[in-house]
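In what follows, a structure is listed as structure tokens, so that the remarks can point back to it.
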Amino acid sequence: MSCLTWIPGRSWIHRVTPEARLFSALVLMVALTIAEGPWAAMGGGVLAVVLVGLARLPLRLLGHVLIRLNLVLGFMALLLLPALCGSSLVESPAVRPSGNGFSLLGRMVWKGNAMVMLYLALLATMDPMALGLAMRALRLPSRLALLYLLTVRYVDLLHHEWERIRRAMGVRGFRARADRRTFRLYGHALGRLFLRSLERAERIVWAMKCRGFKGHYPLSSRGRWTTDSILFAVGSCLAAVLIFALAWIR
Amino acid sequence: MNASFLRFWNLSYAYEEGRAVLREVSGRIERGERIALIGPNGAGKSTLLLLLMGLLKSPTGGLEILGRRCRLEQDFDEVRGRIGLLFQDSDDQLFNPTVWDEMMFGPLNLGWSFSRAEAKAKETLVLFGIENQASRFTHRLSAGEKRLVALASLWVMEPEALLLDEPTAGLDDSARQRVKAIVASFPGSLVVASHDREFLEGVTSRRWNLVAGHLEIE
């Protein structure tokens with residue numbers, strides 16, 4: 001079992017190539033972040049909902065993610081409330097919300113939700129490995145892509161190694177308690193995990209060297225841009241332009 | 001010139017001070033020679049293979065590949081593509097996202113043209129009977145498939161020698177037979193470290209025995 005999950009499916013979005021989806025996600029997220037004004041936010045939100053619909057995301061999962069997101073946002077709003085209200089304790093003991101503060105908060109929550117929906121619809125619908133390949137195909141910084149790919153490749157192995165260590169402790173009667181011995185044993189286990197990871201990292205570098213690696217990671221396939229994916233990318237650019245246009249409406 | 005493919009002398013190695021795994025071992029591998037490297041657990045079989053590839057460095061002795069003395073990292077860089085080392089744990093070897101990337105990694109590093117690398121990768125996948133696995137992600141393969149892909153990823157570089165570290169460990173019988181058939185058809189020099197007697201008898205013709213840090217050549 002993998003500890004990295006994604007949302008498989010057979011929707012139209014799932015069939016668009018990962019490169020086109022990553023490209024679109026980047027363009028749309030940048031547009032949504034930069035474009036100001038309620039209309040732009042509204043446009044982005046509608047677009048996100050449409051994409052979620054097209055990707056046929058399971059509603060339960062969508063609900064779970066959005067509830068968690070909004071709990072965090074709500075917590076942040078609580079922390080920011082004094083600033084949002086523009087009231088000071090000296091001036092008035094009662095909280096007098098300022099319209100401006102609340103509209104900013106509203107926009108933050110709205111855009112946050114729209115972003116996460118965009119992310120779920122476009123990026124969470126592809127295998128994490130495919131996302132890394134798309135990063136490379138789009139010529140995003142190659143070190144970033146390589147780092148991401150190696151992480152995805154080996155995070156599972158690390159997870160398995162940790163499970164193995166824990167199971168080995170479990171079969172010999174170890175039960176976690178809140179005492180010194182538990183902490184010490186967990187310390188040993190973590191140390192062991194760290195050592196094994198270091199050793200593995202060394203062997204991976206060896207394996208890379210053995211196959212002629214000299215610091216440059218070659219790109220092993222040429223991009224595959226199908227008509228569908230080009231249309232999708234162009235469509236996203238148009239949508240981004242539309243969002244910017246909406247920002248001009250007063 | 002009539003130099004050995006690989007010649008080494010007085011190689012030693014210790015992971016902990018005072019506990020040498022290898023003590024001044026010497027030997028040579030001729031072109032096309034097929035050697036079984038045997039010895040008990042911890043005898044230093046893997047260590048010897050790593051020394052031969054220049055991945056570990058011996059404080060004593062030396063190493064010559066194709067008549068060329070190899071001391072520094074650069075010397076080894078040039079010969080590594082010509083010798084393939086199969087690691088004991090396939091997960092160490094398969095770090096690329098997909099089987100296809102795995103196949104293209106070596107040849108492109110060697111500076112081959114894209115089309116040459118592509119052609120050789122396809123040919124190798126067919127030879128190994130895994131042409132329908134090209135787009136699979138390597139970490140989702142079974143142990144047997146991983147071993148085949150790891151071997152294929154070396155084969156595709158057209159090495160003149162293969163060093164195999166426990167090629168059949170942890171494999172079921174059918175995977176083992178496939179690995180055996182492929183290794184048996186390899187035309188170059190071969191060193192196989194293994195405990196699998198039947199496998200060794202099938203693919204090798206000489207024996208090197210590692211005992212207590214010394215290499216006995218039969």
Selected residue (only one of B:LEU163, B:LEU148 is under 28 Å from B:GLU33 (Cβ atoms), at pLDDT 95 or above and open to solvent by less than 50 Å² (accessible area, probe 1.4 Å)):
B:LEU163
Over the range B:148-166, the set of residues part of a helix (DSSP H, G or I) and either within 13 Å of another protein chain (Cβ to nearest Cβ) or touching a strand residue (DSSP E or B) at 6+ places or on another chain (Cβ under 8 Å) (or both) is B:VAL149, B:ALA150, B:LEU151, B:ALA152, B:SER153, B:LEU154, B:TRP155
Sort out which residues of the range A:191-228 are part of a helix (DSSP H, G or I), free of Cβ contacts under 8 Å to residues at least 24 places away in the same chain and either touching a strand residue (DSSP E or B) at 6+ places or on another chain (Cβ under 6 Å) or open to solvent by 80 Å² or more (accessible area, probe 1.4 Å) (or both), and write them in order of number.
A:PHE194, A:LEU195, A:LEU198, A:GLU199, A:GLU202, A:CYS210, A:THR227
Out of curiosity, is B:LEU200 closer than 24 Å to A:CYS210 by Cα, out of contact with any helix residue (DSSP H, G or I) (no Cβ under 8 Å at 6 or more places or on another chain), of a type in the set (A, V, I, L, M) and in contact (Cβ under 8 Å) with a residue 24 or more places away in the chain?
yes
Residue match in the range A:205-225 (condition: among the hydrophobic types (A, V, I, L, M, F, W, C) and away from chain B (no Cβ under 13 Å)):
yes
Could you check, for the range A:114-135, whether at least one of its residues is out of contact with any helix residue (DSSP H, G or I) (no Cβ under 6 Å at 6 or more places or on another chain), small (Gly, Ala, Ser) and modelled with pLDDT of 85 or more?
yes
So which pairs qualify, if the first residue must be in the range A:131-142 and closer than 15 Å to A:ARG153 by Cα and without any contact (Cβ under 8 Å) to a residue 60 or more places away in the chain, the second must be in a helix (DSSP H, G or I) and open to solvent by 50 Å² or more (accessible area, probe 1.4 Å), the Cβ gap must be under 8 Å, and the two must be at least 6 apart or on different chains?
A:GLY132/A:TYR148
Considering the range B:52-66, residues that are touching a helix residue (DSSP H, G or I) at 6+ places or on another chain (Cβ under 6 Å) and not hydrophobic (A, V, I, L, M, F, W, C), and then whichever is farthest from the other protein chains (Cβ to nearest Cβ), we arrive at B:SER58
Return the residues of the range B:72-93 that are assigned to a loop (DSSP other than H, G, I, E, B), closer than 17 Å to B:THR47 by Cα and over 11 Å from the mean Cα position of the chain (by Cα); say none if nothing qualifies.
B:ASP89
Among (1) open to solvent by less than 40 Å² (accessible area, probe 1.4 Å); (2) more than 9 Å from chain A (Cβ to nearest Cβ); (3) touching a Gly at 6+ places or on another chain (Cβ under 7 Å), the one test that B:ARG69 misses:
(1)
Given (1) at pLDDT 90 or above; (2) in contact with an Asp or Glu (Cβ under 8 Å, 6 or more places away or on another chain); (3) away from chain A (no Cβ under 14 Å), number of the condition B:ALA169 does not satisfy:
(1)
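The rows are residues; the columns are (1) within 14 Å of another protein chain (Cβ to nearest Cβ); (2) surrounded by 15 or more Cβ atoms within 10 Å (Cβ to Cβ); (3) over 29 Å from A:ASP156 (Cα atoms); (4) at pLDDT 90 or above.
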| position | (1), (2), (3), (4) |
| --- | --- |
| B:LEU11 | no, yes, yes, yes |
| B:GLU24 | no, yes, yes, yes |
| B:GLY44 | no, yes, yes, yes |
| B:LEU50 | yes, yes, no, yes |
| B:GLN74 | yes, no, yes, no |
| B:LEU86 | yes, yes, no, yes |
| B:SER90 | yes, yes, no, yes |
| B:ASN96 | yes, yes, no, no |
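Residue by residue, here is whether (1) surrounded by fewer than 24 Cβ atoms within 10 Å (Cβ to Cβ); (2) without any contact (Cβ under 8 Å) to a residue 40 or more places away in the chain; (3) within 12 Å of another protein chain (Cβ to nearest Cβ) holds:
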{"position": "B:GLN93", "(1), (2), (3)": "no, no, yes"}
{"position": "B:GLY111", "(1), (2), (3)": "yes, yes, yes"}
{"position": "B:LYS122", "(1), (2), (3)": "yes, yes, no"}
{"position": "B:VAL126", "(1), (2), (3)": "yes, yes, no"}
{"position": "B:ASP173", "(1), (2), (3)": "yes, yes, no"}
{"position": "B:PRO187", "(1), (2), (3)": "yes, no, no"}
{"position": "B:LEU190", "(1), (2), (3)": "yes, no, no"}
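The values are calculated or read from the model by the stated rules, or taken from the named source; none is laboratory data. Owing to the predicted nature of the structure, the values given are computational and were not obtained by experimental measurement. As a convention, Cβ positions derive from the backbone with ideal geometry for all residues, glycine included, and neighbour counts pool all protein chains shown. To get the accessible areas, we keep the full protein, side chains included, count just its heavy atoms, and leave off ligands, DNA and RNA. Shrake-Rupley method; radii C 1.70, N 1.55, O 1.52, S 1.80 Å.
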